[in-house]
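The values are calculated or read from the model by the stated rules, or taken from the named source; none is laboratory data. As the structure is a computational prediction, the values presented were derived from the model and not from experiment. With ideal geometry, Cβ positions are generated from the backbone for all residues, glycine too; neighbour counts draw on all protein chains shown.
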Amino acid sequence: MDETALRFSEDHVWVLEMGQTVRIGLSDYAQEQLGEIISATLGEIGKFLERGDTFGEMESQKTVVELASPVTGTIRNVNESIVEDPTVINVDPYGKGWLVELEIEEPEELERLMGFEEYETFVEE
């Protein structure tokens, strides 16, 4: 996947726009900071999320983090293979390591997210 096509939140979550749906995952930077991810809990299909609502949780050997939705929408798909084997996120955070797909309510929220270069600068600071 071309990371430059992604948008990023300050919570280190990426968003890929796919028409009316967006795919969401954890950034490479976030998975590096967490270290080996040992468990993942994701929201249920059909759950409505406001921007900022929690859609899941990642647990690593170091810590547990809640995942905040970068956009408003309804969960339409959950990556069940992540729940079974969360280490996929460490190996392929922008590909097979995606987390959930949302049917987006307010596409203009995507404009508030950072582009790839802006995000790279953000994590360096």
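Okay, residues lined up against (1) touching a strand residue (DSSP E or B) at 6+ places or on another chain (Cβ under 9 Å); (2) at pLDDT 95 or above; (3) more than 11 Å from Gly25 (Cβ to Cβ); (4) polar (S, T, N, Q):
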{"residue": "Glu59", "(1), (2), (3), (4)": "yes, yes, yes, no"}
{"residue": "Ser69", "(1), (2), (3), (4)": "yes, yes, yes, yes"}
{"residue": "Asn77", "(1), (2), (3), (4)": "yes, yes, yes, yes"}
{"residue": "Val88", "(1), (2), (3), (4)": "yes, yes, no, no"}
{"residue": "Val100", "(1), (2), (3), (4)": "yes, yes, no, no"}
If you check Ile82 against the conditions, is it without any contact (Cβ under 8 Å) to a residue 60 or more places away in the chain, in contact with a Phe, Trp or Tyr (Cβ under 9 Å, 6 or more places away or on another chain) and aliphatic (A, V, I, L, M)? yes
Hey, can you tell me all the residues within the range 14-52 that are without any contact (Cβ under 8 Å) to a residue 60 or more places away in the chain and loosely packed, with under 15 Cβ neighbours inside 10 Å? Gly19, Glu32, Gly35, Glu36, Ile38, Ser39, Glu44, Ile45, Gly46, Phe48, Glu50, Gly52
Filter the range 64-80 for residues that are over 16 Å from Glu109 (Cα atoms) and out of contact with any Gly (no Cβ under 9 Å at 6 or more places or on another chain); the one that is surrounded by the fewest Cβ atoms within 10 Å (Cβ to Cβ) is Glu80
What residue, of Asp11, Asp2, is out of contact with any Phe, Trp or Tyr (no Cβ under 7 Å at 6 or more places or on another chain), of a type outside the set (Val, Ile, Thr) and without any contact (Cβ under 8 Å) to a residue 24 or more places away in the chain? Asp2
Go through the range 38-55 and report how many residues are at positive phi and assigned to a strand (DSSP E or B). 0
Some residue of the range 28-49 being of a type in the set (Gly, Ala, Ser), within 18 Å of Glu111 (Cα to Cα) and more than 11 Å from the chain's Cα centre (by Cα): no
Cβ pairs under 7 Å, 6+ apart, first in the range 54-78 and within 16 Å of His12 (Cβ to Cβ), second among the hydroxyl-bearing types (Ser, Thr, Tyr) and crowded, with 18+ Cβ neighbours inside 10 Å: Phe55/Ser69; Pro70/Ser9
By residue number, the members of the range 34-63 that are touching a helix residue (DSSP H, G or I) at 6+ places or on another chain (Cβ under 9 Å) and charged (D, E, K, R) are Glu36, Arg51, Glu59, Lys62
Can you tell me which residues in the range 84-106 are surrounded by 14 or more Cβ atoms within 10 Å (Cβ to Cβ) and in a helix (DSSP H, G or I)? Val88, Ile89, Asn90
